[in-house]
Every structure is written in structure tokens, then in C-alpha cells.
Amino acid sequence: MKATGVYANHSSFFDLVERRAHIVKVTDGLELSVGPVFSRIGFLLFSEPPNLKIYKWTLPGWKEQPWGGKLTVFRTIPNQPNGLTFDHQGRLLTCETRPGRVTRTEKDGTTTVLAEYYGSKPLSSPSDLVYNIDGSIYFSDTARGQVSEVNQRINKPAVYRLIRTQIPGATQIERVSEECQCASGIALGPKHNQLYLVDTVCKNIRLQPINNDGTLSKGWIFAEFTSDESDDPGGLKIDELGHVYASGPGGLWVFSPQGKHLGTIVTPEPPTNCCWGRGFRGLYITTQTSVYFVQTKVPGTRTF
């Protein structure tokens, strides 16, 4: 792995991040950090699956700098939390992997299960999710490994959509894609009419157009992670101009809206995912034991 820093493949990369951008360590001492999301009211959440925790990192006041915050346990999730996001009301949406389900944390702290079954079978292992402007939720579900109940679960990689409804307690789920061999990271394009999916097995990013009814059209390979590094790709985010920032082998890869690899932000440890910071500016990057921050020049796509 290269030394920490910013490595450009094209000069336009520096329109997105400074040539000598500081990669700041926010916190460390973790076992595995994934699924980061930054709240509109000024705090970062991320999951630590091995210890069944969601952590909260709070900046003092409205301080812009990414250091000097306070780390606390936000929630303990016995079902092993993974990907996180918020809905338009600021309620936390969580992928839980054991057993597989998608939940919402209500304002009073109670938990509502949004998805646990598809048909008659339980979900396998939801990985990441995103909230769409129409109120629906897209999430990826991966096959599970050596577990005793594997034959009783769907255990088939797919992407699902939870359809928004006005009926209390009713949630309709539909399978919208099976194009990835192992979909993990998931993100919306700037106009919320495209869905980007990281396939950790094929080491690529697929792009699928979103139809007016919320279903997905047939997709294509948007970009590939071509590298001698062994790290698997994971999560991704999109900025408002359509650039893609994805955790991949050796660092956070940045692609043009056309899928060209513009450059890589190399963190001290291989990244697992990223999220936009305060005001959808700057990127928080989760890794194995730490969380980092790097300032960027273009705001991110707003999804909640």
C-alpha cells in the first residue's frame, strides 16, 4: 500500500481534492468501522459490527474542523449493525446482519422493523442502504457464510426496495436487481434517478437507471477496480456533479461521471466506506481500526 496521501491519475482530480490535502485521524482503537453517516444536526454515526455497537462522534458546537470531538456509544445492536443512513425525518435506518433485517430507530428510541422477510424466507445479511427522495429505501442483501440456518434463508445476493406507504405498519418489499454477484455498497446519483452498486466479487461498480415506478432498468459496469492490491471494494458515495468516491484496493478511489479513474485518496489503513460530512462537504472515511476525514471541493449528493 502506498504512503498516505493524494495520488492523481488526471489533473482534474485536483478540482475535487487539494493536491496536499490533509487526511486527519478522527478516532481510533476500533475493531472494524463501517457504515458511516453524518447527521444534519452535527454528529457522525458509524457501526462496529464485531462489538455490536453504533458509535456517535460529536463535534463541539458548530466547529468545522474534524478533530476534538467526543466519541460515545449511540446504541448497542445485538443483531450486528452494518450500513447506516437517515430518512427525511432524521430517523436512523440500519442494516442488521444477524439475523438479517432493516430497522428504523424512532425519535423515542424504539425500533421498528422495516424488512425481515422476502416472501416466506428471512433476509440473509443486509449490507448497505440509501434513502430515496420519493421515500423508498434501497438496500443490498448478501449471501451468508457458515451459519447453521443458511438453508432457511434466502441466501441469494440481491438489491431490494422498500416502498413508501401511508398505511401505518405496512411495508411493501420488492426485489429490484440480481445483477451483482455480491452487492455491498449502494448509492444514489445526483438526480436520484440512478443507483450505483459495488460488487465485491467482480471488483466493479455497476450503474442501474431508476425507472419512474422505482424499479431498476438493466445496468452496466460503470467502473472497475484494477489493482494489484488485495483489498475488496466496499462502500461508495456520489457528489453533486456525479463523481464517485468508492473504497477500493489501496484507498478511496475517485471516478469521473463517465467512470474514469481520476485518482486515489490513500488512507493509513484500507478504507471500508465513506460519507459526506457537515453540509454534505468533506468525506469521513471508515477503516479497520480508525475513522479519517479529508476535505473535498464539491458537495455530495443529498439523500435525506
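The values are calculated or read from the model by the stated rules, or taken from the named source; none is laboratory data. Since the model is a prediction, treat every value here as computed from it, not as a measurement. All Cβ positions, even for glycine, are placed from backbone atoms using ideal geometry, and neighbour counts span all protein chains on display. Just so you know, the surface numbers come from the protein's heavy atoms only, side chains and all, with ligands and any DNA or RNA stripped out. Shrake-Rupley method; radii C 1.70, N 1.55, O 1.52, S 1.80 Å.
Considering only alpha-carbon pairs that sit under 8 angstrom and 6 or more positions apart, the relative contact order computed for region 149-273 is 16 percent.
When the chain is described by a simple charge dipole with +1 on each Lys and Arg Cβ and -1 on each Asp and Glu Cβ, the residue from THR226, SER39, HIS243 located farthest towards its positive end is SER39. Subtracting the Cα-Cα distance of GLU106 and ASN51 from 0.36 nm times their residue separation leaves 17.6 nm of extension gain. Backbone phi angles across region 21-35, fed through the Karplus curve with coefficients 6.51, -1.76 and 1.60 (θ = phi - 60°), yield HN-Hα couplings of 4, 7, 9, 9, 7, 8, 7, 9, x, 9, 8, 6, 10, 8, x Hz in residue order; Gly and Pro are listed as x. Our summary gives the chain a relative contact order of 18 percent, counting only alpha carbon pairs under 8 angstrom and 6 or more residues apart.
Approximating the spin labels as points 7 Å out from Cα along Cα→Cβ, the LYS25-to-ASP228 distance works out to 2.8 nm.
Divide the volume of the convex hull of the Cα atoms of region 92-136 by its number of residues and quote the answer in cubic angstrom per residue. Numbers along the way, then the final one.
Working: hull volume 3.6 nm³, N = 45.
Looking at region 92-136, the number lands at 81 Å³ per residue.
Two-decimal Rg/Rh of the chain from alpha-carbon positions, Kirkwood Rh? If you can, show how the numbers build up before the last one.
On the way: Rg = 17.9 Å, Rh = 19.1 Å.
Rg divided by Rh gives 0.94.
In this structure, the pairs whose alpha-carbon distance is over 20 Å, taken from LYS70/LYS237; LYS25/LYS107; LYS53/LYS156; LYS156/LYS203, are LYS70/LYS237; LYS25/LYS107; LYS53/LYS156.
Taking Lys and Arg as +1 and Asp and Glu as -1, the other residues whose beta-carbon sits under 15 Å from that of LEU16 total +2.
In this rough spin-label picture, where each label sits 7 Å from Cα along the Cβ direction, the GLN172-THR4 distance is 4.9 nm. Ranking LEU92, LEU252, VAL176 by Cα position along the charge dipole of the chain, where only Lys, Arg, Asp and Glu carry charges on their C-beta atoms, puts LEU92 farthest toward the positive end.
Taken about its Cα centre, the chain carries a charge dipole of about 600 debye when Lys and Arg each add +1 at the Cβ and Asp and Glu each add -1 at the Cβ.
For SER125, nonlocal amide neighbours, meaning residues 5 or more places apart or on other chains whose placed amide H falls under 5 Å from its own, are THR142.
Quick check: at a probe of 1.4 Å, how many percent of the accessible area of the chain sits on carbon and sulfur atoms? C and S fraction of accessible area: 48 percent. Under a no-solvent Debye model with one identical scatterer per Cα of region 7-137, what's log10 I(q)/I(0) at q = 0.10, 0.16, 0.21, 0.23 Å⁻¹? One equal scatterer on each Cα of region 7-137 leads to -0.40, -0.89, -1.23, -1.35.
Mind running the shape call on region 216-301? Use the C-alpha gyration tensor, a ≥ b ≥ c as the square roots of the eigenvalues: rounded below 1.5 for a/c, prolate if a/b tops b/c, oblate otherwise. Mind dumping the intermediate values first?
Details: a/c = 1.75, a/b = 1.07, b/c = 1.63.
Taking the square roots of the gyration eigenvalues as a ≥ b ≥ c, region 216-301 is oblate.
Backbone amide hydrogens, once placed in the peptide plane, bring GLY263 within less than 5 Å of ASN9, VAL254, excluding anything fewer than 5 places away on its chain.
Relative contact order of region 210-304, taken over Cα pairs closer than 8 Å and 6 or more residues apart, is 21 percent. Using the Cβ of LEU283 as centre and a radius below 12 Å, the other residues enclosed give a net charge of +3, where K and R count +1 and D and E count -1.
Heavy atoms of the protein chains alone define the surface here; on that basis the chain has 43 Å² accessible area per residue at 1.4 Å probe size.
Amide H contacts under 5 Å for LEU114: VAL102, THR103, ARG104, restricted to partners 5 or more places along the chain or on a different chain, H placed in the peptide plane at 1.01 Å from N.
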